[in-house]
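**Q** Quick one: structure below, then a few questions.
The values are calculated or read from the model by the stated rules, or taken from the named source; none is laboratory data. This structure is a prediction, so every number in the text was calculated from the model and none was measured. Neighbour counts run over all protein chains shown; Cβ positions are idealised from the backbone, glycine included. The accessibility values were calculated without ligands, DNA or RNA, using every heavy atom of the protein model including side chains. Shrake-Rupley method; radii C 1.70, N 1.55, O 1.52, S 1.80 Å.
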Amino acid sequence: MKIDGTHYRSLWWNGESDVLDIIDQRWLPHDFRVVPVATMQDFADAIFQMRVRGAPLIGATAAYGMALAMAEDPSVANMDAAWTFLEKTRPTAINLRWALDRCRAALRPLLEAERAAAALTLAHEIADEDVEINRRIGENGLALIREIAARKPAGEPVRLLTHCNAGWLATVDWGTATSPMYHAHDAGIPLHVWVDETRPRNQGALTSWELGKHGVPHTYVTDNAGGHLMQHGMVDMVITGTDRTTRRGDVCNKIGTYLKALAAHDNDVPFYVALPSPTIDWTVGDGMAEIPIEERDVQEVTHVQGVIEGGGIGTVQVTPAGTAGGNPAFDVTPNRLVTGLITERGVCEASEKGLAELFPDFARAAE
Ligand SMILES: CSC[C@H]1O[C@H](OP(=O)(O)O)[C@H](O)[C@@H]1O
C-alpha cells in the first residue's frame, strides 16, 4: 500500500534494530506513527490495545511475538508460556490462535538451538503468505466487480459498501475486503465506496484514510446509514471482512455487520465476505453458539477520539457521567445471509459444501 508515494506494509521487521516495527493504528487517521515492538509486553499491548488490529495482522504480529519469545528462551516451557500470554489478548479473531498453533507445531520438534532462527523465518513466511492470499482475494473479488460493471452504462461507478476496516491496515498488505477495491480501481473500473464509520473505534475512518491515499472515491457515512442506502438502490454490492468464519460459512465480524447483512438481504443486495483461509475455523459449525464475542472497555463507547480544539488528538465524553454501557466488539452473520465467500482459491457459497470444495485439504484435516 502506498502512502504518499512510499510503499508500506502494516508491519515489518526492522533489520537495523532487529525488532518488529508497526504502524500504531490508535493515532490514525490523524497521525502516522511507526513504533517498535521490542518486548513480550509490547506484543500483548499492541494486540490488546489495537495498535495493530484486524484478524490477519493480529496473527502475523503473534508470530513475531513467538519469534521474540524463542530468541529470549527457546524452551518448550517458554514457548507454551508465550502461547498463553499472547493468545489471551483477544478472543475472537481466529488468526491469533491459528498463528500461535502453527508456530508451536513447527518449533516444538526442533532442537532448542534451532528455534529462534526458525521462529523468525516462520513469522516472515506468515507475513508474506498473508500478502499473497490477499492479493488473490483481490483478483477473485475483481471478477465479481467486473460482472457488475459490465451491466452498467460506461463510466457509471460500481457502488460498494463496506463495514469497519478490513483493509490494508487490518492485514500485512492489500486488505481483504479492500483488495478487490484496489484491484478494480487499478484496472480502471469506476468505483464509489460507501464507508461505514463503525462505532465505537471508528475503523471506517481508517478505511477512508486508506482509500483516500489510493485515490478510490468514497463517502464516509454513519454506521446506521447502510440500510437506507440499500433501500434507495444506492448499493450494488456489500463486501466486508471477517475475524472468524465457521466451516459452514457463518461469519463473525465487527459489530454491526449482521445489521448490514439483514438490510442487504431485505433489499436483494449481494453480500460478500472476503475470507482468507487462515480465518476459517474448521472446528466450529454454529457461529452464534460457538464463537466467543470480545467485550471491550465501555469507555470506547462512552468516549470518542479525534482531533480536539487547538490541535492534537484527544477524547471527549459523549455520555453522562456514570452511564452504564456495553461494548460487544463483534457479531455473527448466519450463512443464510451471505451471498458468497471470496477466498484466495476462488468464490464459493457460504456453506460446508462450498468451503470443503475449495479447501478439501483443510476440511479433511479437520475431520
Ligand atoms: C481483515 S480482518 C478485519 C476485521 O477485523 C476488525 O476487527 P478489529 O478492528 O476489532 O481488529 C473488523 O472486524 C474487520 O472486519
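**Q** Projected area of the chain, taken from the Cα convex hull and averaged over every viewing direction, in nm²?
**A** Average of the hull's projected areas for the chain equals 19.4 nm².
**Q** Same structure, new question: Rounded to the nearest Å, what's the spacing between the alpha carbon centres of the stretch 168-240 and the stretch 242-281? Just the number, please.
**A** 15 Å
**Q** Now for a separate question. Return the sequence-ordered ³J(HN,Hα) values of the stretch 158-174 in whole Hz as given by the Karplus equation 6.51 cos²θ - 1.76 cosθ + 1.60 applied to θ = phi - 60°, using x for Gly and Pro.
**A** With coefficients 6.51, -1.76 and 1.60, one gets 6, 9, 9, 10, 10, 10, 6, 10, 10, x, 3, 6, 8, 9, 6, 6, 6 Hz.
**Q** May I ask you to give the solvent-accessible area per residue for the stretch 46-133, in square angstrom, as obtained with a 1.4 angstrom probe?
**A** Per residue, the stretch 46-133 has 37 Å² of solvent-accessible surface.
**Q** Starting at the first residue of the stretch 225-238, write each ³J(HN,Hα) from the Karplus equation 6.51 cos²θ - 1.76 cosθ + 1.60 with θ = phi - 60°, in whole Hz, x for Gly and Pro.
**A** 7, x, x, 4, 4, 5, 4, 9, x, 9, 10, 8, 6, 9
**Q** Just how far, in whole angstrom, is the stretch 301-367 from the stretch 1-63 if you go by their alpha carbon centroids?
**A** About 20 Å separates the Cα centre of the stretch 1-63 from the one of the stretch 301-367.
**Q** Taking +1 at the Cβ of each Lys and Arg and -1 at the Cβ of each Asp and Glu, which of Ile255, Gln299, Val193 sits farthest along the dipole of the chain towards its positive end, judged by Cα position relative to the Cα centre?
**A** Value: Val193.
**Q** Would you mind calculating the gained length between Ser75 and Glu357 on full extension (0.36 nm times residue separation, minus the Cα-Cα distance), in nm to one decimal?
**A** Going from the current span to full extension adds 97.6 nm.
**Q** Let me ask something additional. With a cut-off of at most 14 other beta carbons within 10 Å, and DSSP calling the residue loop, which trypsin sites (Lys or Arg not before Pro) in the stretch 23-69 qualify? Please list them.
**A** Arg33
**Q** On a straight-distance basis, which aspartates and glutamates could pair with Lys213 in a cross-link, Cα separation under 19 angstrom, same-chain partners fewer than 8 positions away excluded?
**A** Asp4, Asp24, Asp31, Asp173, Asp186, Asp196, Glu197
**Q** Another question about this same structure. Share of antiparallel DSSP beta bridges in the chain, in percent to the nearest 5?
**A** Taking every DSSP beta bridge with both residues in the chain, the antiparallel ones total about 55 percent.
**Q** Any chance you could run the full-extension gain for Val316 through Glu125? It's 0.36 nm times the residue separation minus the Cα-Cα distance, nm to one decimal.
**A** 64.6 nm
**Q** How many percent of the accessible area of the stretch 249-367 is carbon or sulfur, using a 1.4 Å probe?
**A** Ligands and nucleic acids excluded, carbon and sulfur give 54 percent.
**Q** 5 Å is the cut-off here: which amide hydrogens, built 1.01 Å from N in the peptide plane, fall below it relative to Thr219, excluding neighbours closer than 5 in sequence?
**A** Those qualifying (amide H under 5 Å, at least 5 residues apart or on another chain) are Val193, Trp194, Val195.
**Q** What residues qualify as long-range amide H neighbours of Asn14, i.e. H under 5 Å apart, gap of 5 or more or another chain, H built at 1.01 Å from N?
**A** When sequence neighbours closer than 5 places are left aside, the close amide H contacts are Val19, Leu20, Asp21.
**Q** How big is the dipole moment of the chain about its Cα centre under a simple scheme where the beta carbon of each Lys and Arg is +1, that of each Asp and Glu is -1, and everything else is neutral? Debye, nearest 20, please.
**A** Computed charge dipole of the chain: roughly 640 debye.
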